[in-house]
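Report on the structure given below.
The values are calculated or read from the model by the stated rules, or taken from the named source; none is laboratory data. Values in this document were obtained by computation on a predicted structure and should not be read as measured data. Every residue, glycine among them, receives a Cβ derived from its backbone with ideal geometry; neighbour counts consider all protein chains shown.
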Amino acid sequence: MAPAEEQMVGGAERQLVDRATTVYVDATSSTWRSRGRVSFQVVPSVRMKLQSAGFAVVQNQTDPHDLTLKVEYREERGSQFRIDLYATDISLVASLEHPTEGQLLRLTIRESSGLNEMGNAPYLQVLQRLETNPYFYFLGDIIRGHVVSRLDMTGALIEGLERIEAKDQSILMSPLGDQLPAAESTLPTFESHYTRLAREKTIHELGRLQDPRAVPVLVTLLEHPDPGVRLASVRALQSMREVKSLSAFERLAEKDSDHEVRAAAKAALASPPGF
(Lines give C-alpha, C1' and ligand atoms only; values in the text may rest on other atoms or scores of the structure.)
Protein backbone atom coordinates (compact mmCIF):
# COMPACT_ATOMS: atom_id res chain seq x y z
CA MET A 1 0.00 0.00 0.00
CA ALA A 2 1.38 3.41 -0.94
CA PRO A 3 1.61 6.06 1.75
CA ALA A 4 -1.28 8.48 2.09
CA GLU A 5 -0.78 12.09 1.10
CA GLU A 6 -2.35 14.47 3.59
CA GLN A 7 -3.06 18.13 2.93
CA MET A 8 -2.70 20.03 6.20
CA VAL A 9 -5.15 22.87 6.83
CA GLY A 10 -5.42 25.28 9.72
CA GLY A 11 -7.42 28.09 11.26
CA ALA A 12 -10.64 29.01 9.48
CA GLU A 13 -10.01 26.35 6.83
CA ARG A 14 -9.81 23.68 9.54
CA GLN A 15 -13.18 24.79 10.90
CA LEU A 16 -14.73 24.36 7.45
CA VAL A 17 -13.41 20.81 7.22
CA ASP A 18 -14.42 19.99 10.82
CA ARG A 19 -18.07 20.70 9.99
CA ALA A 20 -18.12 18.22 7.11
CA THR A 21 -20.70 15.48 7.65
CA THR A 22 -21.96 14.58 4.16
CA VAL A 23 -20.03 12.89 1.35
CA TYR A 24 -20.64 12.24 -2.33
CA VAL A 25 -18.81 9.27 -3.88
CA ASP A 26 -17.56 9.91 -7.43
CA ALA A 27 -16.21 6.61 -8.76
CA THR A 28 -14.70 5.40 -12.02
CA SER A 29 -13.77 1.80 -12.75
CA SER A 30 -12.15 -0.29 -15.46
CA THR A 31 -11.19 -3.93 -15.98
CA TRP A 32 -9.12 -6.09 -18.29
CA ARG A 33 -11.68 -8.88 -18.11
CA SER A 34 -13.89 -9.87 -21.03
CA ARG A 35 -16.93 -7.70 -21.76
CA GLY A 36 -15.23 -4.80 -19.98
CA ARG A 37 -17.66 -4.93 -17.09
CA VAL A 38 -16.48 -4.63 -13.49
CA SER A 39 -18.23 -7.19 -11.29
CA PHE A 40 -17.15 -5.63 -8.00
CA GLN A 41 -19.71 -3.17 -6.62
CA VAL A 42 -17.27 -0.37 -5.81
CA VAL A 43 -19.70 2.42 -4.94
CA PRO A 44 -22.01 0.41 -2.63
CA SER A 45 -18.99 -0.94 -0.76
CA VAL A 46 -17.44 2.51 -0.27
CA ARG A 47 -20.76 4.05 0.72
CA MET A 48 -21.29 1.36 3.35
CA LYS A 49 -17.86 2.07 4.84
CA LEU A 50 -18.58 5.80 5.05
CA GLN A 51 -21.98 5.22 6.64
CA SER A 52 -20.51 2.78 9.16
CA ALA A 53 -18.07 5.50 10.18
CA GLY A 54 -20.89 7.99 10.76
CA PHE A 55 -21.04 9.97 7.51
CA ALA A 56 -24.20 10.74 5.57
CA VAL A 57 -23.74 9.73 1.93
CA VAL A 58 -25.68 11.48 -0.83
CA GLN A 59 -26.73 9.61 -3.95
CA ASN A 60 -26.43 12.38 -6.54
CA GLN A 61 -23.74 14.93 -7.28
CA THR A 62 -26.40 17.66 -7.29
CA ASP A 63 -27.44 16.83 -3.70
CA PRO A 64 -25.89 19.15 -1.07
CA HIS A 65 -22.66 17.67 0.31
CA ASP A 66 -19.57 18.83 2.18
CA LEU A 67 -16.93 16.50 0.74
CA THR A 68 -16.35 14.46 -2.40
CA LEU A 69 -14.58 11.12 -2.29
CA LYS A 70 -13.16 10.37 -5.72
CA VAL A 71 -12.44 6.68 -6.23
CA GLU A 72 -10.44 5.32 -9.18
CA TYR A 73 -10.75 1.52 -9.31
CA ARG A 74 -8.77 -0.50 -11.83
CA GLU A 75 -8.48 -4.20 -12.54
CA GLU A 76 -5.47 -5.22 -14.66
CA ARG A 77 -4.31 -8.60 -15.89
CA GLY A 78 -1.70 -10.08 -13.57
CA SER A 79 0.45 -13.20 -13.54
CA GLN A 80 -0.58 -16.24 -15.58
CA PHE A 81 -1.54 -19.32 -13.57
CA ARG A 82 -2.06 -21.54 -16.58
CA ILE A 83 -2.99 -21.19 -20.25
CA ASP A 84 -6.51 -19.98 -19.62
CA LEU A 85 -6.23 -18.45 -16.13
CA TYR A 86 -4.72 -15.15 -15.03
CA ALA A 87 -4.47 -13.26 -11.78
CA THR A 88 -6.14 -9.89 -11.43
CA ASP A 89 -4.20 -6.94 -10.02
CA ILE A 90 -6.38 -4.32 -8.34
CA SER A 91 -5.46 -0.72 -7.63
CA LEU A 92 -7.78 1.67 -5.84
CA VAL A 93 -7.01 5.36 -5.40
CA ALA A 94 -9.25 7.29 -3.01
CA SER A 95 -8.98 11.10 -2.98
CA LEU A 96 -10.93 13.15 -0.45
CA GLU A 97 -11.70 16.64 -1.69
CA HIS A 98 -13.21 19.78 -0.17
CA PRO A 99 -14.84 22.31 -2.52
CA THR A 100 -12.67 25.22 -1.30
CA GLU A 101 -9.70 23.56 0.42
CA GLY A 102 -8.93 21.08 -2.35
CA GLN A 103 -7.50 17.62 -1.78
CA LEU A 104 -7.37 16.64 1.90
CA LEU A 105 -6.26 13.02 1.65
CA ARG A 106 -5.08 10.59 -1.00
CA LEU A 107 -4.76 6.88 -0.40
CA THR A 108 -3.61 4.13 -2.77
CA ILE A 109 -4.40 0.46 -2.11
CA ARG A 110 -3.13 -2.45 -4.22
CA GLU A 111 -4.00 -6.13 -4.10
CA SER A 112 -3.27 -9.13 -6.30
CA SER A 113 -4.04 -12.83 -6.44
CA GLY A 114 -1.12 -14.70 -4.89
CA LEU A 115 0.93 -17.03 -7.08
CA ASN A 116 0.32 -19.80 -4.55
CA GLU A 117 -3.43 -19.51 -4.95
CA MET A 118 -3.92 -22.09 -7.68
CA GLY A 119 -7.67 -22.47 -7.33
CA ASN A 120 -10.16 -21.77 -10.07
CA ALA A 121 -11.30 -18.40 -8.75
CA PRO A 122 -8.33 -16.00 -8.47
CA TYR A 123 -10.67 -13.09 -9.20
CA LEU A 124 -12.83 -13.88 -6.17
CA GLN A 125 -9.69 -14.32 -4.09
CA VAL A 126 -8.34 -10.88 -4.95
CA LEU A 127 -11.72 -9.27 -4.23
CA GLN A 128 -11.68 -10.86 -0.77
CA ARG A 129 -8.15 -9.58 -0.26
CA LEU A 130 -9.29 -6.07 -1.14
CA GLU A 131 -12.38 -6.16 1.06
CA THR A 132 -10.32 -7.38 4.03
CA ASN A 133 -7.37 -5.04 3.46
CA PRO A 134 -7.31 -2.92 6.66
CA TYR A 135 -6.94 0.33 4.72
CA PHE A 136 -9.97 -0.44 2.54
CA TYR A 137 -12.10 -2.12 5.19
CA PHE A 138 -11.59 0.89 7.49
CA LEU A 139 -11.64 3.50 4.71
CA GLY A 140 -14.58 5.29 6.34
CA ASP A 141 -12.76 5.37 9.67
CA ILE A 142 -9.59 6.69 8.02
CA ILE A 143 -11.56 9.53 6.45
CA ARG A 144 -13.42 10.24 9.67
CA GLY A 145 -10.16 10.15 11.59
CA HIS A 146 -8.62 12.70 9.22
CA VAL A 147 -11.64 15.01 9.08
CA VAL A 148 -13.13 14.76 12.58
CA SER A 149 -10.62 13.27 14.99
CA ARG A 150 -7.46 14.58 13.30
CA LEU A 151 -5.87 11.15 13.46
CA ASP A 152 -3.18 9.70 11.24
CA MET A 153 -3.94 6.45 9.44
CA THR A 154 -2.59 4.24 12.22
CA GLY A 155 -4.71 6.06 14.78
CA ALA A 156 -7.73 5.64 12.51
CA LEU A 157 -7.11 1.88 12.21
CA ILE A 158 -7.01 1.64 16.00
CA GLU A 159 -10.22 3.66 16.29
CA GLY A 160 -11.89 1.48 13.66
CA LEU A 161 -10.85 -1.69 15.47
CA GLU A 162 -12.25 -0.26 18.71
CA ARG A 163 -15.50 0.64 16.91
CA ILE A 164 -16.22 -2.87 15.62
CA GLU A 165 -15.23 -4.35 18.98
CA ALA A 166 -17.67 -2.00 20.76
CA LYS A 167 -20.33 -2.92 18.18
CA ASP A 168 -19.79 -6.63 18.83
CA GLN A 169 -19.99 -6.09 22.58
CA SER A 170 -23.22 -4.08 22.30
CA ILE A 171 -24.81 -6.91 20.31
CA LEU A 172 -23.74 -9.47 22.92
CA MET A 173 -24.92 -7.32 25.84
CA SER A 174 -28.20 -6.14 24.33
CA PRO A 175 -31.23 -7.90 25.92
CA LEU A 176 -33.77 -9.08 23.38
CA GLY A 177 -36.62 -9.19 25.85
CA ASP A 178 -39.68 -10.86 24.42
CA GLN A 179 -39.16 -9.60 20.89
CA LEU A 180 -37.02 -11.03 18.12
CA PRO A 181 -34.85 -8.59 16.15
CA ALA A 182 -36.27 -7.29 12.89
CA ALA A 183 -35.42 -9.52 9.94
CA GLU A 184 -33.44 -6.81 8.15
CA SER A 185 -31.21 -6.27 11.19
CA THR A 186 -30.03 -9.89 11.05
CA LEU A 187 -28.93 -9.74 7.40
CA PRO A 188 -25.14 -9.57 6.86
CA THR A 189 -23.74 -6.26 5.63
CA PHE A 190 -20.63 -5.70 3.51
CA GLU A 191 -18.81 -4.91 6.74
CA SER A 192 -20.01 -7.83 8.86
CA HIS A 193 -19.35 -10.39 6.09
CA TYR A 194 -15.61 -9.64 6.12
CA THR A 195 -15.19 -8.60 9.76
CA ARG A 196 -13.39 -11.70 11.03
CA LEU A 197 -10.60 -11.73 8.46
CA ALA A 198 -10.29 -7.93 8.30
CA ARG A 199 -9.98 -7.75 12.08
CA GLU A 200 -7.14 -10.30 12.08
CA LYS A 201 -5.34 -8.51 9.23
CA THR A 202 -5.64 -5.20 11.06
CA ILE A 203 -4.17 -6.72 14.21
CA HIS A 204 -1.22 -8.05 12.16
CA GLU A 205 -0.76 -4.61 10.59
CA LEU A 206 -0.75 -2.87 13.98
CA GLY A 207 1.88 -5.34 15.15
CA ARG A 208 3.96 -4.55 12.08
CA LEU A 209 3.62 -0.80 12.65
CA GLN A 210 4.81 -1.13 16.28
CA ASP A 211 2.66 1.78 17.46
CA PRO A 212 2.21 1.83 21.26
CA ARG A 213 -1.23 3.43 20.85
CA ALA A 214 -2.49 0.02 19.71
CA VAL A 215 -1.59 -1.73 22.97
CA PRO A 216 -4.87 -1.12 24.88
CA VAL A 217 -7.13 -2.50 22.14
CA LEU A 218 -4.79 -5.44 21.49
CA VAL A 219 -4.76 -6.34 25.19
CA THR A 220 -8.57 -6.16 25.19
CA LEU A 221 -8.70 -8.49 22.17
CA LEU A 222 -6.77 -11.14 24.11
CA GLU A 223 -10.18 -11.84 25.68
CA HIS A 224 -12.00 -12.15 22.34
CA PRO A 225 -14.13 -15.31 21.87
CA ASP A 226 -12.54 -16.01 18.46
CA PRO A 227 -9.25 -17.90 18.96
CA GLY A 228 -7.94 -16.47 15.69
CA VAL A 229 -8.28 -12.96 17.09
CA ARG A 230 -6.59 -13.98 20.36
CA LEU A 231 -3.75 -15.62 18.44
CA ALA A 232 -3.20 -12.58 16.21
CA SER A 233 -3.25 -10.29 19.25
CA VAL A 234 -0.67 -12.40 21.10
CA ARG A 235 1.67 -12.29 18.12
CA ALA A 236 1.20 -8.55 17.60
CA LEU A 237 1.89 -7.77 21.25
CA GLN A 238 4.86 -10.14 21.26
CA SER A 239 6.38 -8.29 18.30
CA MET A 240 5.91 -5.02 20.22
CA ARG A 241 7.48 -6.50 23.39
CA GLU A 242 4.77 -4.92 25.49
CA VAL A 243 5.17 -5.62 29.23
CA LYS A 244 1.51 -4.78 29.94
CA SER A 245 0.51 -8.04 28.25
CA LEU A 246 2.69 -10.38 30.34
CA SER A 247 0.05 -11.27 32.93
CA ALA A 248 -2.49 -11.94 30.17
CA PHE A 249 0.05 -14.14 28.37
CA GLU A 250 0.57 -16.15 31.56
CA ARG A 251 -3.17 -16.76 31.84
CA LEU A 252 -3.50 -17.69 28.15
CA ALA A 253 -0.49 -20.02 28.30
CA GLU A 254 -2.09 -21.92 31.15
CA LYS A 255 -5.83 -21.79 30.54
CA ASP A 256 -6.72 -20.86 26.96
CA SER A 257 -8.97 -23.43 25.29
CA ASP A 258 -7.10 -23.23 21.96
CA HIS A 259 -3.77 -25.05 21.70
CA GLU A 260 -2.33 -22.57 19.16
CA VAL A 261 -3.09 -19.64 21.45
CA ARG A 262 -1.53 -21.46 24.40
CA ALA A 263 1.58 -22.23 22.36
CA ALA A 264 1.89 -18.64 21.12
CA ALA A 265 1.52 -17.27 24.64
CA LYS A 266 4.19 -19.66 25.95
CA ALA A 267 6.51 -18.61 23.11
CA ALA A 268 5.93 -14.96 23.97
CA LEU A 269 6.76 -15.58 27.61
CA ALA A 270 9.95 -17.34 26.55
CA SER A 271 11.12 -14.30 24.57
CA PRO A 272 14.40 -12.70 25.64
CA PRO A 273 14.42 -9.98 28.33
CA GLY A 274 13.49 -6.49 27.22
CA PHE A 275 9.99 -7.71 26.39
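Taking the range 27-71 on its own, how many of its residues are on the phi > 0 side of the Ramachandran plot and either at pLDDT 95 or above or surrounded by 11 or more Cβ atoms within 10 Å (Cβ to Cβ) (or both)?
1
Out of contact with any Gly (no Cβ under 9 Å at 6 or more places or on another chain) and farther than 27 Å from Glu165 by Cβ, is that true of Ser29?
yes
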Inset, instruction - Would you tally the residues in the range 24-40 being in contact (Cβ under 8 Å) with a residue 24 or more places away in the chain and out of contact with any Ser or Thr (no Cβ under 7 Å at 6 or more places or on another chain)? - result: 10
Inset, instruction - Could you grab me the full set of residues in the range 88-106 that are modelled with pLDDT of 95 or more and either outside the structural domain of Leu127 (by TED's automatic domain parsing) or aliphatic (A, V, I, L, M) (or both)? - result: Ile90, Leu92, Val93, Ala94, Leu96
Inset, instruction - Mind listing just one residue for me: the one in the range 128-155 that is of a type in the set (Asp, Glu) and more than 29 Å from Ala87 (Cα to Cα) and, of those, surrounded by the most Cβ atoms within 10 Å (Cβ to Cβ)? - result: Asp141
Legend entry - Meets criteria (on the phi < 0 side of the Ramachandran plot, at pLDDT below 90 and either surrounded by 12 or more Cβ atoms within 10 Å (Cβ to Cβ) or within 22 Å of the chain's Cα centre (by Cα) (or both)) for Phe190: yes
Legend entry - Residue count, the range 127-150 (criterion: closer than 17 Å to Val17 by Cβ and of a type outside the set (Gly, Ala, Ser)): 8
Inset, instruction - Check Ala20 against each of (1) surrounded by 14 or more Cβ atoms within 10 Å (Cβ to Cβ); (2) at pLDDT below 95; (3) under 21 Å from the mean Cα position of the chain (by Cα); (4) among the hydrophobic types (A, V, I, L, M, F, W, C) and name the one condition it does not meet. - result: (3)
